[in-house]
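Asker: Dropping the structure in here first, questions after.
The values are calculated or read from the model by the stated rules, or taken from the named source; none is laboratory data. A quick note: this is a predicted structure, and the numbers were derived from the prediction, not measured. Here the Cβ positions follow ideal geometry from the backbone for every residue, glycine too, while neighbour counts run over all protein chains shown.
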Amino acid sequence: MSTGLNFQLDNRLRLCADFVRDGAKLADIGTDHAYLPVWLCRIGKCPSAIAADINPKPLKMGMNTIIDADMSDRVQTRLSDGLKKIESDEADDIVIAGMGGELIANILEECDFAKNSSKHFILQPMTKSEFLIKWLCDNGYEIIKQDCCVAAKKCYTVLLVKYTGEITARDEIFYYLARLSPQNNETHHRFVKGHIERLIKQSNGDVHFSVLANRLKEIINDND
């Protein structure tokens, strides 16, 4: 059935959309063109959504998308620094995508309702996913699910997490792998190889990164 939309989600946003629960009110943080909230409301997966961004220009583009899709009654825009202007009862599932892992961790840290265990957070770090995963483990968040995709020839990972309050001590290598299965999933393998390549570059200044790279190579059976 046609959705009546004049755009398609790329693989990165599609994976984020897949992690959203049916019937969940959505907040999309760093929304850009508001493609994700409009899509999810238009196909009936979400009853309502907030498209939030810290900058007015992306919000204006998002509003154009909302108007073009005739979704103004279900999707609203919100000028917000992270989740600071979002109320707890306005969203069940929160997507924070398209920004660095350190910034995502900071947004969660500054959110009043992030420790509400009923909330699901769908996180898509563009960089420093290992930093974000360590922060999640150190701050009581459970990684429910994780997957990877390729969009515009780049490999991305998406994490589905919720707060449990349980602090989990992990081996450092976990922060690079988490719930991925690079031994039997080609896209996961590609994502972990990206970690290895970055660690090798970093090893010029610190041999510890070389040790991590070699451990990851052994895990994914990469003999290059």
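Asker: Would you confirm, using the coordinates I've provided, whether Gly82 is of a type in the set (Gly, Ala, Ser), in contact (Cβ under 8 Å) with a residue 24 or more places away in the chain, under 25 Å from Cys149 (Cα atoms) and surrounded by fewer than 19 Cβ atoms within 10 Å (Cβ to Cβ)?
Answerer: no
Asker: Another one. For the stretch 138-148, give me each residue that is surrounded by fewer than 21 Cβ atoms within 10 Å (Cβ to Cβ) and either free of Cβ contacts under 8 Å to residues at least 24 places away in the same chain or not small (Gly, Ala, Ser) (or both).
Answerer: Asp138, Asn139, Glu142, Ile143, Ile144, Lys145, Asp147, listed by residue number.
Asker: Do any residues in the stretch 162-187 that are within 18 Å of Glu142 (Cβ to Cβ) have Cβ atoms under 8 Å from those of residues that are modelled with pLDDT under 95, where the two are at least six apart or on different chains, and which pairs are they?
Answerer: Sorted first by the residue in the stretch 162-187, then by its partner, the pairs are Leu177/Ile219.
Asker: Here is a further query. If you take the residues in the stretch 122-165 that are out of contact with any strand residue (DSSP E or B) (no Cβ under 7 Å at 6 or more places or on another chain) and among the acidic types (Asp, Glu), which one is farthest from Leu108 (Cα to Cα)?
Answerer: Glu130
Asker: Filtering the stretch 94-111 down to residues that are in contact (Cβ under 8 Å) with a residue 12 or more places away in the chain and in a helix (DSSP H, G or I), which residue is surrounded by the fewest Cβ atoms within 10 Å (Cβ to Cβ)?
Answerer: Out of the qualifying residues, it is Glu109.
Asker: Here's something else I'd like to know. Just to be sure before I move on: is Ala114 in contact with a Phe, Trp or Tyr (Cβ under 8 Å, 6 or more places away or on another chain), in a helix (DSSP H, G or I) and either in the same structural domain as Asp147 (by TED's automatic domain parsing) or not polar (S, T, N, Q) (or both) in the structure I sent? Show your work before the answer.
Answerer: Details: in contact with a Phe, Trp or Tyr (Cβ under 8 Å, 6 or more places away or on another chain): yes; in a helix (DSSP H, G or I): no; either in the same structural domain as Asp147 (by TED's automatic domain parsing) or not polar (S, T, N, Q) (or both): yes.
No.
Asker: Within the stretch 55-79, count every residue that is of a type in the set (S, T, N, Q), under 23 Å from Ala105 (Cα atoms) and surrounded by 14 or more Cβ atoms within 10 Å (Cβ to Cβ).
Answerer: 1
Asker: Please determine whether any residue of the stretch 16-38 is assigned by TED's automatic domain parsing to the domain that holds Met99, surrounded by fewer than 21 Cβ atoms within 10 Å (Cβ to Cβ) and of a type in the set (Val, Ile, Thr).
Answerer: Checked the stretch 16-38: no residue is assigned by TED's automatic domain parsing to the domain that holds Met99, surrounded by fewer than 21 Cβ atoms within 10 Å (Cβ to Cβ) and of a type in the set (Val, Ile, Thr).
Asker: Let me spell it out: the conditions are (1) touching a Cys at 6+ places or on another chain (Cβ under 7 Å); (2) within 30 Å of Asn116 (Cβ to Cβ), and Tyr163 meets all of them except one. Which number is the exception?
Answerer: Result: Tyr163 fails condition (1) only.
Asker: Still on this structure, I have one more. Which members of the stretch 156-189 meet the condition of being surrounded by fewer than 18 Cβ atoms within 10 Å (Cβ to Cβ) and touching a Gly at 6+ places or on another chain (Cβ under 9 Å)?
Answerer: Residues satisfying the conditions are Thr164, Gly165, Glu166, Ile167, Thr168.
Asker: Kindly establish whether Asn64 is in the same structural domain as Ser117 (by TED's automatic domain parsing), more than 17 Å from Ile122 (Cα to Cα) and among the polar types (S, T, N, Q).
Answerer: The answer is yes for Asn64.
Asker: Quick test for you: out of Lys128, Lys134, Lys153, pick the one residue that is at positive phi and in contact with a helix residue (DSSP H, G or I) (Cβ under 8 Å, 6 or more places away or on another chain).
Answerer: Lys128
Asker: Of all residues in the stretch 123-132, which are not polar (S, T, N, Q) and not in a loop (DSSP other than H, G, I, E, B)?
Answerer: Initially, the stretch 123-132 is screened for residues not polar (S, T, N, Q), giving 123, 125-126, 128, 130-132.
Once the filter is applied, which keeps residues that are not polar (S, T, N, Q) and not in a loop (DSSP other than H, G, I, E, B), the stretch 123-132 yields Leu123, Pro125, Glu130, Phe131, Leu132.
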